[in-house]
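To start, the structure under review is shown below, and the notes come after it.
The values are calculated or read from the model by the stated rules, or taken from the named source; none is laboratory data. Just so it is clear, the structure is predicted and the values come from calculations on it, not from any experiment. Every residue, glycine among them, receives a Cβ derived from its backbone with ideal geometry; neighbour counts consider all protein chains shown. Note: areas computed on protein heavy atoms with side chains; ligands, DNA, RNA excluded. Shrake-Rupley method; radii C 1.70, N 1.55, O 1.52, S 1.80 Å.
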Amino acid sequence: MRHFDIAKWADFVGDSAREGERAAMQAHLASGCRKCRHTAELLRKVAAVARRHSQVQVPDYALRCARAIFLLQQPEKVQILPRIPARLLYDSFREPLPAGVRTQQRLSRQALYQAGDYSLDLRLENESGTSRVTLVGQIQNRKQPGKRLGGVPVLLFSGKQVLGQAVSNSLGEFQMEYAPTKRLRLYVPVRQAGKRIELLLNHFARERKGAANARDGFGPLGGESRRRAGNRARAPKPERKNGN
């Protein structure tokens with residue numbers, strides 16, 4: 001007895017089998033083959049479920065999340081998009097501390113970038129006693145402030161390795177945590193514009209470390225260095241004896 005494989009039965013159930021082959025398969029079922037009848041009935045049930053599911057309207061937010069997850073699983077495609085040059089507009093670490101304040105227990109930094117029609121607001125926070133950094137950000141369209149930028153993937157790379165990833169919410173906000181390392185770069189692919197925003201973050205860590213040392217008084221601009229320099233300047237000269 002000649003049996004038909006599951007691919008043939010899928011064509012049979014889907015009415016795509018050739019006429020002569022369909023007649024032979026119908027005759028095979030009529031002959032009483034229980035194995036092939038079971039396969040055909042199972043495929044009929046699968047086809048019925050597929051038809052019912054095809055009538056379900058998938059919510060837009062679910063589609064956006066699915067596309068964003070797909071992009072996060074393929075970060076190498078992000079690099080294909082042309083880069084939007086980013087310009088630093090504001091940096092909180094360039095502002096002096098309030099009068100009388102020498103140090104801060106909580107190190108944080110806020111920076112605002114402009115990249116074409118978009119702005120990227122970043123806040124990096126590092127609690128004392130831990131090396132983990134929390135990155136909170138928001139991407140907005142400057143020319144269309146009311147345009148939502150939800151479902152935008154945000155990728156943090158260390159070289160070619162993905163160190164952190166997030167997806168923006170309906171307000172364009174995102175958050176991630178990471179351990180500082182070398183060659184940190186932040187990628188934000190803006191599919192609406194067909195481009196990506198790329199930022200280097202290594203200088204953030206260096207400047208935060210230098211600023212902390214300076215405020216604590218041990219850096220090149222710290223109070224300890226200035227006091228030592230002042231003490232050397234005020235040190236009395238040794239007395240000269242007569243005849244020497």
Label-to-label distance, nm, for residues given as K160 and A48 (7 Å Cα→Cβ offset): 5.1
Residue-span extension gain [T134 to H38] - 0.36 nm each, minus C-alpha spacing: 28.9 nm
Evaluated over segment 118-207, the Cα radius of gyration and Dmax, each in Å: 13.3, 41
For segment 152-194, radius of gyration divided by Kirkwood radius, i.e. Rg to Rh on alpha-carbons: 1.00
Heavy-atom SASA rank of H3, H28, H38 (probe 1.4 Å, accessible area, largest first): H38, H3, H28
Accessible area in the full protein assembly, largest first, 1.4 Å probe, for D117, D60: D60, D117
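If the chain between R123 and Q192 were fully stretched, how many nm would it gain, using 0.36 nm times the residue separation less the Cα-Cα distance?
Details: separation 69, 0.36 × 69 = 24.84 nm, distance 2.43 nm.
Residue separation times 0.36 nm, minus the Cα-Cα distance, leaves 22.4 nm.
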